[in-house]
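Worksheet for the structure shown next.
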Ligand SMILES: NC(=O)c1ccc[n+]([C@@H]2O[C@H](COP(=O)([O-])OP(=O)(O)OC[C@H]3O[C@@H](n4cnc5c(N)ncnc54)[C@H](OP(=O)(O)O)[C@@H]3O)[C@@H](O)[C@H]2O)c1
């Protein structure tokens, strides 16, 4: 990679944070985004310490105007946008379908689906104009599998994969690629919240053929690949990184 400009949403924690560090170490110029200004400034300083050019822009991905401003500021600051990792996501309010409400639906879909749609909308505006770019949406193995007690989350990630494939078809002729990474259980705050107890979390490892949780860095490596020159003929695809769990 030749100093690409990379935008990452939900970059303050977990997979987004590891992805920002991984791109910075490859020499990328990094635009990191999240909802919390003070933590964002800490991350910007952390990336600069690694020698990267870095910019934090505060944005809530549910807000069309804020996402538009995020992309505009990235382009104004660095002159272009080469890669975007649409990572911001929430587990919402897991539980039985019979207990779901329009509010619990919105708590998940507004971030996971509307957030990715708005991110795509503004990123594609910049990338189609420059006739190049690579977008990586963060889905989940639940983007192509059912999940009892997490139906709304699973439905939202199925939607992310539908958006990914549709966007890829829409913009292929403009030189822009759109793919997704589907992590299996990854050791982040979200997994802690999903599992609730250390015992539940340990139980997940027993069903992973490679015998461990993914690290956030494992997921970042897949994003690096999809952004790279090695993936220039890959679009509309979902790369699952789950230690073999969905192979069976
Ligand atoms: N961990 C797993 O096992 C796993 C598995 C499959 C897929 N994933 C996906 O991986 C992605 C990253 O999750 P993670 O595991 O790294 O968990 P995480 O540490 O909770 O990261 C999620 C990030 O998204 C941000 N975010 C949430 N809502 C947002 C909004 N409306 N606007 C802007 N930012 C928002 C969060 O910021 P706040 O702190 O402000 O909420 C947080 O920094 C998510 O899309 C998740 O669905 C995770």
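Computed from the coordinates by the stated procedures, all read-outs in this text should not be read as laboratory data. Only a predicted model underlies this, so the values are computations on that prediction, with no experimental measurement involved.
For the chain, what does -39500 (n - 2.57) per DSSP helix run (n ≥ 4), summed and divided by total residues, give at 222 nm, in deg cm²/dmol to the nearest 500?
The helix contribution divided over the chain gives -14000 deg cm²/dmol.
Cut-off 10 angstrom, C-alpha nodes, Gaussian network model of the chain. Which of 17, 158, 174 fluctuates the most?
Judging by the Gaussian network model, the answer is 174.
Angle check, please: helix 151-171 long axis (alpha carbons) against the longest principal axis of the chain (alpha carbons), in degrees 0 to 90, nearest 10.
Once rounded, one gets 30 degrees.
Compute the acute angle (0 to 90°) between the alpha-carbon long axis of helix 115-130 and the principal axis of greatest extent of the alpha-carbon atoms of the chain; round to the nearest 10°.
Tilt relative to the chain: about 30 degrees.
Taking the chain as a Gaussian network, where each spring joins two C-alpha atoms under 10 Å apart, which residue of 189, 16, 175 fluctuates the most?
189
Restricted to Cα positions, what overall size does the chain have along the principal axes? Three whole-Å values, descending.
Principal extents (largest minus smallest coordinate, Cα): 47, 37, 35 Å.
Of 61, 75, 178, which has the largest mean-square fluctuation in a 10 Å C-alpha GNM of the chain?
Highest fluctuation among the options: 75.
Mind jotting down the distance between the C-alpha centroids of the stretch 56-73 and the stretch 138-212, whole Å?
Cα centroid to Cα centroid, the span is 23 Å.
Explain nothing, just the number: relative contact order of the chain, from Cα pairs under 8 Å at least 6 residues apart, as a whole percent.
19 percent
Would you mind checking the tilt of helix 216-227 against the longest principal axis of the Cα atoms of the chain, expressed as 0 to 90 degrees and rounded to 10?
50 degrees
From the Cα gyration tensor of the stretch 147-191, with a ≥ b ≥ c the square roots of its eigenvalues, which class applies: rounded if a/c is under 1.5, or else prolate if a/b is larger than b/c, or else oblate?
Since a/c reaches 1.5 but b/c is at least a/b, the shape of the stretch 147-191 is classed as oblate.
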